[in-house]
Amino acid sequence: MSRFVLGLIVGFILAPVALVAWFYWGHPPVAVADSPLPLERRLTHVALDARIAREAPATAPITADEATLVAGAEIYRLQCAACHGFHSEPSTFGPHMFPGAPPLWERHQHSDVVGVSDDPVGETYWKVANGIRLTGMPSFRMVLSDTQIWQVSLLLSVADKPLPPAALDLLRSQLPTPPPQPAIGAAPRKKP
Ligand code: HEC
């Protein structure tokens, strides 16, 4: 009986107190360079994979023809390349996020798979539409139309295949440098 009471004290009082103390005075990983918590990636991915398996559409409503791939490349260039990198040119900061933004035009380390071309297109569609919580992956449901989300998802699904030259050109071109912005607090520029 006394062991049972001891168990209750440890379980209900000491464990939460230790957790709170660890948060305040310990060193929970808060920096990108910190190591992940034990099982952190596996636990979050179990929940994500289960949700995607339930909700991802089985087929795409449009085909991956040239027009789709070129439209997808334009969307990718504007909305995705900063984090996931251009074709043959990795993102400067994508690998320094936690979790890192995977390069979507590079081969995996020990296989011929390029980016997410091995994932069902419905899975990529789900991730782009809904985003991945507690990572830097945004939800594009309010940013892109449903067709645009399919266009960019279909493009990524054939990342290991030869692409139409017009799509490749877009995927290789960097965004133009924006004009210099006035310093904060400076008087607004007069319109000509
Ligand atoms: C602000 C940075 C950022 C932007 C912009 C961004 N992503 Fe991501 N994306 C991420 C991060 C970080 C992850 C990794 C999430 C994880 O590990 O669970 C990710 C993951 C993904 C994945 C899953 C990769 C895998 O291996 O399963 C896909 C697919 C994806 N992004 C597609 C896109 C597309 C398409 C766009 C543009 C419409 C986009 N992303 C824009 C940061 C970004």
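State yes or no: is LEU78 in contact (Cβ under 8 Å) with a residue 24 or more places away in the chain, open to solvent by 80 Å² or more (accessible area, probe 1.4 Å), near the ligand (Cβ under 9 Å from one of its atoms) and hydrophobic (A, V, I, L, M, F, W, C)? Taking the combined requirement at face value, the residue satisfies it. No other residue among GLY122, GLY94, GLY100, GLY131 is more than 10 Å from the ligand (Cβ to nearest atom), surrounded by 14 or more Cβ atoms within 10 Å (Cβ to Cβ) and modelled with pLDDT of 95 or more apart from GLY122. Restricting the first member to segment 118-134 and to residues that are free of Cβ contacts under 8 Å to residues at least 60 places away in the same chain, and the second to residues that are crowded, with 18+ Cβ neighbours inside 10 Å and in a loop (DSSP other than H, G, I, E, B), the beta-carbon pairs closer than 7 Å and six or more apart or on different chains are THR124/VAL116; VAL128/PHE140; ALA129/PHE140; GLY131/MET137.
Within segment 51-75, work out how many residues are assigned to a helix (DSSP H, G or I) and either within 14 Å of the ligand (Cβ to nearest atom) or surrounded by 12 or more Cβ atoms within 10 Å (Cβ to Cβ) (or both).
Number satisfying all stated conditions: 14.
Does segment 34-68 hold any residues that are aliphatic (A, V, I, L, M) and free of Cβ contacts under 8 Å to residues at least 40 places away in the same chain, and which are they? Passing the criteria: LEU37, LEU39, LEU43, VAL46, ALA47, ALA50, ALA53, ALA67.
The set of residues in segment 103-119 being more than 8 Å from the ligand (Cβ to nearest atom) and under 18 Å from LEU171 (Cα atoms) consists of PRO103, TRP105, GLU106, ARG107, VAL114, SER117. Taken over segment 134-155, the criterion of being assigned to a loop (DSSP other than H, G, I, E, B), closer than 16 Å to TYR76 by Cβ and near the ligand (Cβ under 6 Å from one of its atoms) is satisfied by MET137, PRO138, PHE140. Looking at the structure I just gave you, is VAL17 farther than 30 Å from PRO162 by Cβ and part of a loop (DSSP other than H, G, I, E, B)? Considered against the rule, which asks whether it is farther than 30 Å from PRO162 by Cβ and part of a loop (DSSP other than H, G, I, E, B), VAL17 comes out as no.
The residue that is nearest to ARG107 (Cα to Cα), among those in segment 129-165 that are among the hydrophobic types (A, V, I, L, M, F, W, C) and in contact with a Leu (Cβ under 8 Å, 6 or more places away or on another chain), is ALA159.
Test ALA159 against the stated conditions and say whether it is closer than 19 Å to THR44 by Cβ, among the aliphatic types (A, V, I, L, M) and free of Cβ contacts under 8 Å to residues at least 60 places away in the same chain. So that I can check it myself, show each step before the final result.
On the way: closer than 19 Å to THR44 by Cβ: no; among the aliphatic types (A, V, I, L, M): yes; free of Cβ contacts under 8 Å to residues at least 60 places away in the same chain: yes.
So ALA159 does not fit the description; no.
Reported count of residues in segment 77-103, each being outside any helix (DSSP H, G or I), touching a Phe, Trp or Tyr at 6+ places or on another chain (Cβ under 8 Å) and hydrophobic (A, V, I, L, M, F, W, C), is 1.
ALA67 meets all of the listed conditions (1) under 30 Å from ASP146 (Cβ atoms); (2) of a type in the set (A, V, I, L, M); (3) under 21 Å from the mean Cα position of the chain (by Cα) but one, namely (3). You will find that of SER117, SER111, SER88, the residue that is farther than 22 Å from VAL143 by Cα, open to solvent by 70 Å² or more (accessible area, probe 1.4 Å) and of a type in the set (Gly, Ala, Ser) is SER88 and no other.
The values are calculated or read from the model by the stated rules, or taken from the named source; none is laboratory data. The shown structure was predicted, so the numbers you read here are calculated from the model rather than taken from an experiment. Every residue, glycine as well, gets a Cβ built from its backbone with ideal geometry; the counts of neighbours run over all protein chains shown. Accessible surface areas use protein heavy atoms only, side chains included; no ligands, DNA or RNA. Shrake-Rupley method; radii C 1.70, N 1.55, O 1.52, S 1.80 Å.
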